[in-house]
Amino acid sequence: MPSLTGGQATVRSLIKAGIKQLYGLPGVQNDWLYNALYDYQDEIKVIHTRHEQGAGYMALGHYLATGEASVYNIVPGPGFLNSTGALSTIYGLNAKTLCLVGQIPKKAQGKNWGVLHEIPDQMGIMERLTKWSRKINSPSEAPQVISEAFSQLQSHRPRPVGVEVPMDVLSSTEDISFENFEIKSETPTINQDQLEQAAQMIAEAKNPLVFVASGAMHASKEVIQFVEYIQSPVFAYRTGKGIVPSSHYLSYPVPAAHALWKDCDLCIAIGSHARMPLTKWGQSPDLKFLSINIDPNAHHNMRQADIAITGDSKAVLEEINKMLPNFTDAKDSIESKMQDFAKKWNEQTAYLEPQSSYLNLIREELPPDGIFVDELTQVGFASRIVWDTDQPRTYLCTGHMGTLGWGFQTALGAKAACPEKMVISVAGDGGFMFGVQELATAVQHKLGVIILLFNNNLYGNVRSMQENLYDNRVIATDLHNPDFVKMAHAFGANSTRVHDMDGLRKAIREAKGESLPTLIEIPVGNDWPSTNRFKGLPRVF
Ligand SMILES: Cc1ncc(C[n+]2csc(CCOP(=O)(O)OP(=O)(O)O)c2C)c(N)n1
Ligand SMILES: [Mg+2]
């Protein structure tokens with residue numbers, strides 16, 4: 001049995017769990033962890049950031065772009081709290097991320113001595129923002145706690161987990177056994193009777209509609225086979241894009257389903273809540289609801305499900321796909337009908353200019369496996385409606401958390417995890433400045449993300465609401481900004497300002513393949529049409 005420090009035992013456990021990159025920001029409580037990371041730097045690379053939120057967002061970007069578990073590390077107290085905007089986004093996006101946080105010495109915990117970085121009940125805060133959290137109480141516990149943390153990440157509903165390691169545990173030495181280090185992946189047992197009932201219900205439905213979200217991100221093949229067999233249109237919004245290629249005649253953004261909702265007799269939610277249709281458009285008295293979700297607590301949030309199958313979406317659909325031929329023949333293709341539908345949908349979104357032109361240009365320049373990261377800015381909002389992608393994990397969106405400033409920092413994690421892929425992050429001037437310091441991280445670690453910064457010198461989204469909904473009573477929304485191009489150059493990044501589409505295309509082409517980040521500033525006004533009408537579509541019932 002090797003004699004190791006708590007730091008070494010923790011790092012070796014992370015390596016055993018398959019972690020090759022750790023996003024972090026050091027400090028005194030974690031010095032023995034980084035001392036161990038020094039020992040193992042050939043096996044695990046540290047990407048250090050300029051603020052703890054950057055470490056959290058990078059770990060999130062790593063997961064979203066790859067589906068692999070990721071880890072970030074920060075000091076306790078303020079360092080941990082600095083990362084909680086990111087942690088809440090990780091939670092909201094159901095990401096498999098470990099928050100590895102330092103802690104004050106064991107003897108000082110709960111005593112209120114006022115030691116460095118002491119906050120009340122750090123574990124209690126972490127427990128609220130994770131699905132499972134534990135403390136490592138001695139070096140020999142590290143393998144067991146870390147393997148359990150990864151088993152939790154790989155089992156049931158993905159959500160972040162937390163591990164806290166006091167500084168005296170990191171520094172002390174014990175004999176460490178990795179014998180019982182095992183990462184389990186447990187998913188709920190699927191109820192066979194329910195599968196048959198579901199197959200029967202699907203077979204009887206005349207106009208089913210399918211909604212997919214992050215819970216089906218790993219189940220593309222099964223979802224495609226399913227919707228093709230029953231010839232149901234399939235809808236995705238912020239977190240489900242790419243599960244079914246946008247180019248597939250059955251695949252559309254969720255608001256497009258509004259036109260078909262009137263006749264829908266079976267709503268099938270796969271790893272999704274189908275929140276927009278179920279809560280905003282009203283429901284036909286005859287509407288049936290089938291929920292397929294790994295989380296037994298998620299089925300009935302929007303309405304009582306008629307059939308609620310708890311299980312991994314991929315496994316459930318594999319079963320349903322196998323048994324469907326016993327219940328119904330494959331439906332005739334609705335491709336020509338959907339062509340008509342697509343035409344009408346395109347007419348409905350045509351007003352979204354110039355956002356669509358920008359997005360079309362980006363789409364043309366971004367390879368099919370390139371990653372687009374959205375933001376709370378006009379082009380980002382429009383992307384939820386009109387962005388097309390044919391591959392899962394290439395459209396990264398903040399989901400329901402709507403965390404301004406997440407985009408650039410999350411894009412850095414996507415790039416760190418997938419250096420061979422082109423990554424484009426869009427941002428407003430307000431949101432970009434939330435993580436501007438990570439330009440230094442991008443230059444230092446050679447993360448060649450391309451940032452398209454739409455600068456209106458405003459918290460434009462809020463300003464529009466003040467103008468339109470609050471009788472032009474504008475307050476706290478005008479922004480003094482730096483000269484972004486000079487600023488990016490000062491960081492050592494590439495940068496240019498463009499004023500038209502041709503200039504933007506040229507700038508993106510020049511940035512392509514660069515190992516350094518490129519910030520492209522696009523000065524804009526604040527009079528673009530809003531996407532709000534898709535959030536407030538009229539009730540059908
Ligand atoms: C963490 C967080 N803080 C505040 C907000 C509220 N908010 C949403 S959009 C926005 C303004 C964004 O400004 P900018 O990034 O410049 O984009 P623009 O709307 O001007 O295109 C604000 C303040 C938020 N969504 N998240
Ligand atoms: Mg702005």
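The values are calculated or read from the model by the stated rules, or taken from the named source; none is laboratory data. Just so it is clear, the model here is predicted, and its values are computed rather than measured. In this analysis, Cβ positions are derived from the backbone assuming ideal geometry, glycine residues included, and neighbour counts consider all displayed protein chains. Just so you know, the surface numbers come from the protein's heavy atoms only, side chains and all, with ligands and any DNA or RNA stripped out. Shrake-Rupley method; radii C 1.70, N 1.55, O 1.52, S 1.80 Å.
Could you state the accessible area per residue of the chain in Å², with a 1.4 Å probe and every protein chain left in place?
Result: 41 Å² per residue.
Just subtract the alpha-carbon distance of Asn180 and Val28 from 0.36 nm times their residue separation and send over the number in nm, one decimal.
Roughly 51.7 nm would be gained on extension.
Can you give the three extents of the C-alpha atoms in the stretch 190-299 along their principal axes, from longest to shortest, in whole Å?
34, 31, 28
Through the Karplus equation 6.51 cos²θ - 1.76 cosθ + 1.60, θ set to phi - 60°, convert the phi angles of the stretch 325-340 into ³J(HN,Hα) values in whole Hz; use x for Gly and Pro.
For the stretch 325-340, the Karplus-derived couplings read x, 6, 10, 7, 6, 4, 6, 5, 4, 9, 4, 5, 4, 6, 4, 5 Hz, x marking Gly and Pro.
In whole angstrom, and with the biggest value first, how far do the Cα coordinates of the stretch 118-273 range along each principal axis?
Sorted largest first, the three principal extents are 65, 34, 27 Å.
Which value in nm describes the separation of the simple spin-label points at Glu68 and Asn360, placed 7 Å from the Cα toward the beta carbon?
3.8 nm
What shape does the stretch 88-160 have by the C-alpha gyration tensor, where a ≥ b ≥ c are the square roots of the eigenvalues, rounded means a/c under 1.5, and otherwise prolate means a/b greater than b/c and oblate the rest?
oblate
Report the extension gain between Arg128 and Asp500 in nm, rounded to one decimal, defined as 0.36 nm multiplied by the number of residues separating them, less their alpha carbon distance.
129.3 nm
Among bridges DSSP assigns within the chain, what percent are antiparallel (round to 5)?
Counting only bridges with both partners in the chain, antiparallel ones make up about 5 percent.
If R0 is 22 Å, what FRET efficiency do you get for Asn297 and Thr189 from their C-beta distance, rounded to 0.05?
Here the calculated transfer efficiency is 0.85.
Could you tell me the relative contact order of the stretch 387-486? Use alpha-carbon pairs under 8 Å, at least six residues apart, and round to a whole percent.
23 percent
List the lysines whose alpha-carbon lies under 17 Å from that of Lys415, not counting same-chain residues fewer than 8 positions away?
In chain and number order, the partners are Lys20, Lys45, Lys446, Lys512.
If the reach is capped at under 12 angstrom between alpha carbons, list the aspartates and glutamates near Lys221, excluding any in the same chain fewer than eight residues apart.
Glu318
What is the dipole size for the chain, taken about its Cα centre, with +1 at each Lys and Arg Cβ and -1 at each Asp and Glu Cβ, in debye to the nearest 20? Please report the intermediate quantities before stating the final value.
On the way: 48 positive and 57 negative charges, 138 e Å.
Value, rounded to 20: 660 debye.
Peptides 403-415, 88-100, 470-482: what's the order by average Cβ count within 10 Å, highest mean first?
403-415, 88-100, 470-482
Provide the gained length on full extension for the span Lys107 to Tyr351, in nm with one decimal, where the gain is 0.36 nm per separating residue minus the Cα-Cα distance.
81.5 nm
Putting +1 on Lys and Arg Cβ atoms and -1 on Asp and Glu Cβ atoms, find which of Pro253, Ser232, Leu290 reaches farthest to the positive end of the dipole of the stretch 228-312.
So the residue we want is Pro253.
Among the aspartates and glutamates, which fall within straight-line cross-link reach of Lys111, defined as a Cα-Cα distance under 12 Å, with same-chain neighbours fewer than 8 residues apart omitted?
The reachable aspartates and glutamates, counting only those whose Cα sits under 12 Å from Lys111, are Asp121.
For the chain, report the convex hull volume of the alpha-carbon atoms normalised per residue, in Å³, without decimals. List each step's numbers first, then the result.
On the way: hull volume 85.1 nm³, N = 541.
Output value, Cα hull per residue: 157 Å³.
Can you check what the net charge comes to around His248, using other residues whose Cβ is under 9 Å from the Cβ of His248 (Lys, Arg +1; Asp, Glu -1)?
-2
Quick check: pseudo-label points 7 Å beyond the Cα along Cα→Cβ at Ala203 and Leu116, how many nm apart are they?
Inter-label distance under the simple model: 6.9 nm.
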